[in-house]
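Asks: Got a structure for you, written out below as structure tokens; questions coming shortly.
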Amino acid sequence: MNPARDPDATDRDAADLDDDFGFAEPATDQSFENALAKARDGDRLSIDDATELLATGTDTEGVDPVRKERVLELADRRRHEEVGDEITFVANLNNNVTTACNTGCLFCNFKDSAHAFEADSDADHVGFTKTPAESRAIVEDALDMGVYEVCSVSGLHPALALNEEHHEILQSYDDPESEVNYKPPEEYATDPGTYVEQIEAMSVGGIHLHSMTPEEAYHAARGTDWDYETVYRELAAAGLDSAPGTAAEILVDEVRDVICPGKIRTDDWVAAMEGAMAAGLDVTSTMMYGHVETVEHRAKHLGVIRDLQDRTGRITEFVPLSFIHQNTPLYRHGVVDSGPSHDEDELVVAVARLFLDNVDHVQASWVKSGDAHGLKLLNCGADDFMGTILSEEITKRAGGEYGEFRSFDDYVDMITAIGRTPVERSTDYRTRRRIDPDDNPHGPRLGPRADGTPMLSDSSSGGSGKSGASGASDGESSGADD
Ligand SMILES: C[S@@+](CC[C@H](N)C(=O)[O-])C[C@H]1O[C@@H](n2cnc3c(N)ncnc32)[C@H](O)[C@@H]1O
Ligand SMILES: Nc1c(NC[C@H](O)[C@H](O)[C@H](O)CO)[nH]c(=O)[nH]c1=O
Ligand SMILES: N[C@@H](Cc1ccc(O)cc1)C(=O)O
Ligand code: SF4
């Protein structure tokens, strides 16, 4: 696999952008009413149909509130017919390994320049790199709390390689840093180990390990001729159970050219997902929207995911990721002045439910939207409310303010308040347990060490207090010794 990125892409590129990207104004040969009628009849929607529904008609400016309600109502009904009234969530932990990354995505404030992590650097940074042993200790603590999924997504640290053989290949380049984005671990204050070592470390005690996005898989094969299936097979052998479909952003290259010129292109993202599935892994799918793209780009993105699922059938859920703008280069440089509106969030969830007729589950995110709006999204077509996560770094660093965890008690209260049934689920949704709201207090039971004890001793904070969450990784204090 050869380098496909622009090694010089940095935050500074945002300063060169204005808000005219030369994107075509969305226009279709379809009418809003026809598209809605097709959705009502259960016909498979076209990209034009999705564009009309997302725009509440391309014939008018902005979102039409009456048309929007008609789309949401149809989507909510479709959700009821397809998956019923249960709302699922998972007892999980985010354990991200490192924030060191030079890819330079303009929507991201999770990353820190990798130079700051070098042993002889005196640059200040608030990021972290964890060793495999630190990752394992964090997962072990979480298992004791009843957690059964660990989700791990990381920066593309230049010293990360798939395994020892990969280190040797990368070292053999004449100028590894510029040719293959590589520097040996000895040059950094903390050695993250190899991808295989991190996966082995986190795959402990029967936990489900959800890790290695397409972008990370690309990094784990850079400078070699390994295909994605080979890479994912090796990771699966080390303990990987499923892969997150992030790094998708908007799967239209003219948008990627603006927001993430250093990232893999759409075709490569699809190839990586196919490789993961060919290696026997389930995957999730995402779309990060509400920055520079048009509604037509969103519709095309949904088309890429539906086609992929037609070919594979192993996408477990669709996760809409509402762009959090406050601390990002796109916002700081005036390229965008906000993320998406609530209307747009609702329409994305609804049209995902109607268009993705082959993906069973659509997620609402309390991390991105908060509790009140997150619950509203569960009445627009979503049926999953993500997980306890215990530690959130990506959205928090981007300026999100909805906290870092939800307890089972919070979940049960919120879900019953909107008249739905709370259900804890496994990552792949195949194992589910309905929760009796009267059976207080509530804790996970599906985990290898879960016995129904509440995960957190303080369940009232809605995400800021973490007393009792000793297993939660906290980037600023855990392994922050770079
Ligand atoms: C931070 S990356 C970490 C994994 C890996 N570096 C990659 O890019 O795949 C994971 C995902 O977080 C999401 N993300 C990053 N910044 C965000 C923001 N400001 N708002 C919403 N989602 C964001 C993007 O969809 C991105 O693909
Ligand atoms: N939507 C977000 C998630 N979703 C992840 C899920 O909770 C879970 O990992 C997945 O459904 C697989 O089971 N996680 C985040 O950290 N941030 C989000 O915005
Ligand atoms: N957990 C998400 C991936 C994800 C990770 C971090 C985020 O900030 C957002 C999404 C998935 O299941 O695919
Ligand atoms: S989204 Fe991922 S690849 Fe892009 S800068 Fe952030 S951490 Fe790096």
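The values are calculated or read from the model by the stated rules, or taken from the named source; none is laboratory data. What you see is a predicted model; the values in this text were computed from it and never measured. Don't worry about glycine lacking a Cβ; one is built from the backbone with ideal geometry, like all the others, and counts go over all protein chains shown. Just the protein is used for accessible areas: all its heavy atoms, side chains included, with ligands, DNA and RNA removed. Shrake-Rupley method; radii C 1.70, N 1.55, O 1.52, S 1.80 Å.
Asks: Taking the conditions exactly as written (in contact (Cβ under 8 Å) with a residue 40 or more places away in the chain, within 16 Å of ligand 3 (Cβ to nearest atom), surrounded by fewer than 23 Cβ atoms within 10 Å (Cβ to Cβ) and within 25 Å of Gly374 (Cβ to Cβ)), does Phe110 satisfy them or not?
Replies: Values: in contact (Cβ under 8 Å) with a residue 40 or more places away in the chain: yes; within 16 Å of ligand 3 (Cβ to nearest atom): yes; surrounded by fewer than 23 Cβ atoms within 10 Å (Cβ to Cβ): yes; within 25 Å of Gly374 (Cβ to Cβ): yes.
So Phe110 passes the test.
Asks: Hey, can you tell me all the residues within the stretch 192-218 that are more than 16 Å from ligand 2 (Cβ to nearest atom), touching a residue at least 60 places away in the same chain (Cβ under 8 Å) and of a type in the set (Val, Ile, Thr)?
Replies: Val204
Asks: Moving to a separate point now. Condition check: assigned to a strand (DSSP E or B), at pLDDT 95 or above and either of a type in the set (D, E, K, R) or closer than 24 Å to Asn181 by Cβ (or both). Does Thr286 satisfy that? Can you show your working first?
Replies: Numbers: assigned to a strand (DSSP E or B): yes; at pLDDT 95 or above: yes; either of a type in the set (D, E, K, R) or closer than 24 Å to Asn181 by Cβ (or both): yes.
So Thr286 passes the test.
Asks: Here's another thing I want to ask about it. Test Glu86 against the stated conditions and say whether it is open to solvent by 20 Å² or more (accessible area, probe 1.4 Å) and either among the small types (Gly, Ala, Ser) or within 16 Å of ligand 2 (Cβ to nearest atom) (or both).
Replies: Here the answer is yes, as Glu86 does meet what is asked.
Asks: Taking the conditions exactly as written (of a type in the set (Asp, Glu) and more than 16 Å from ligand 4 (Cβ to nearest atom)), does Asp112 satisfy them or not?
Replies: no
Asks: Take the stretch 280-318 and flag every residue that is of a type in the set (D, E, K, R) and in contact with a strand residue (DSSP E or B) (Cβ under 6 Å, 6 or more places away or on another chain).
Replies: Hits for the stretch 280-318 are Asp282, Arg298, Arg314, Glu317.
Conditions tested, residue by residue: (1) within 13 Å of ligand 2 (Cβ to nearest atom); (2) among the β-branched types (Val, Ile, Thr).
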residue: Asp282; (1), (2): yes, no
residue: Val292; (1), (2): no, yes
residue: Ala299; (1), (2): no, no
residue: Val304; (1), (2): no, yes
residue: Thr328; (1), (2): no, yes
residue: Asp337; (1), (2): no, no
residue: Asp345; (1), (2): yes, no
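Asks: Could I ask something else about it? In the stretch 356-431, which helices (runs of 4 or more DSSP H) lie fully inside it and hold 2 or more residues that are more than 16 Å from ligand 4 (Cβ to nearest atom), open to solvent by less than 10 Å² (accessible area, probe 1.4 Å) and farther than 27 Å from Leu106 by Cα?
Replies: Correct list: 408-417.
Asks: Assuming Ala24 fulfils every condition listed in (1) part of a helix (DSSP H, G or I); (2) touching a residue at least 40 places away in the same chain (Cβ under 8 Å) apart from one, which condition is it?
Replies: Evaluating Ala24 over (1) part of a helix (DSSP H, G or I); (2) touching a residue at least 40 places away in the same chain (Cβ under 8 Å) leaves (1) as the failure.
Asks: Among the residues of the stretch 442-460, count how many are touching a helix residue (DSSP H, G or I) at 6+ places or on another chain (Cβ under 9 Å) and modelled with pLDDT under 90.
Replies: So the count comes out to 3.
Asks: If you don't mind, there's one more thing I want to ask. State all residues of the stretch 289-314 that are open to solvent by 10 Å² or more (accessible area, probe 1.4 Å), under 18 Å from the mean Cα position of the chain (by Cα) and over 12 Å from Ile250 (Cβ atoms); if no residue qualifies, say none.
Replies: Scanning the stretch 289-314 gives Arg306, Gln309, Arg314.
Asks: Any chance you could count how many residues in the stretch 232-253 are within 16 Å of ligand 4 (Cβ to nearest atom) and in a loop (DSSP other than H, G, I, E, B)?
Replies: 8
Asks: Something else about it: Which condition number in (1) under 26 Å from Ala248 (Cα atoms); (2) away from ligand 3 (no atom under 16 Å from the Cβ); (3) charged (D, E, K, R) is the one that Asp43 fails?
Replies: Just one mismatch for Asp43, condition (1).
Asks: Just one of the numbered conditions (1) surrounded by 22 or more Cβ atoms within 10 Å (Cβ to Cβ); (2) free of Cβ contacts under 8 Å to residues at least 60 places away in the same chain; (3) under 30 Å from Leu446 (Cα atoms) is not true of Gly239; which one?
Replies: (1)
Asks: Same structure, new question: Considering only residues that are touching a strand residue (DSSP E or B) at 6+ places or on another chain (Cβ under 7 Å) and open to solvent by less than 10 Å² (accessible area, probe 1.4 Å), look in the stretch 242-279 and name the one that is farthest from ligand 1 (Cβ to nearest atom).
Replies: Here the residue is Ser242.
Asks: Quick one: which of Leu251, Leu281 is in contact (Cβ under 8 Å) with a residue 40 or more places away in the chain and over 16 Å from the mean Cα position of the chain (by Cα)?
Replies: Values: Leu251 fails: over 16 Å from the mean Cα position of the chain (by Cα).
The conditions single out Leu281.
Asks: Within the stretch 213-229, track down each residue that is within 9 Å of ligand 1 (Cβ to nearest atom) and assigned to a loop (DSSP other than H, G, I, E, B).
Replies: Thr213
Here's the yes/no breakdown for (1) closer than 30 Å to His325 by Cβ; (2) open to solvent by 10 Å² or more (accessible area, probe 1.4 Å); (3) within 15 Å of ligand 1 (Cβ to nearest atom); (4) not small (Gly, Ala, Ser):
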residue	(1), (2), (3), (4)
Gly127	yes, no, yes, no
Asp144	no, yes, no, yes
Ser152	yes, no, yes, no
His166	no, no, no, yes
Gln198	no, no, yes, yes
Gly205	no, yes, no, no
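Asks: Take the conditions closer than 24 Å to Leu321 by Cα, of a type in the set (Lys, Arg), touching a helix residue (DSSP H, G or I) at 6+ places or on another chain (Cβ under 7 Å) and touching a residue at least 40 places away in the same chain (Cβ under 8 Å) and apply them to Arg70. Does it pass?
Replies: Details: closer than 24 Å to Leu321 by Cα: yes; of a type in the set (Lys, Arg): yes; touching a helix residue (DSSP H, G or I) at 6+ places or on another chain (Cβ under 7 Å): yes; touching a residue at least 40 places away in the same chain (Cβ under 8 Å): no.
In short, no.
Asks: Turning to a different aspect of this structure: Can you tell me which residue among Asn102, Asn95 is open to solvent by 50 Å² or more (accessible area, probe 1.4 Å), within 25 Å of the chain's Cα centre (by Cα) and closer than 24 Å to Ser154 by Cβ?
Replies: Among Asn102, Asn95, only Asn102 is open to solvent by 50 Å² or more (accessible area, probe 1.4 Å), within 25 Å of the chain's Cα centre (by Cα) and closer than 24 Å to Ser154 by Cβ.
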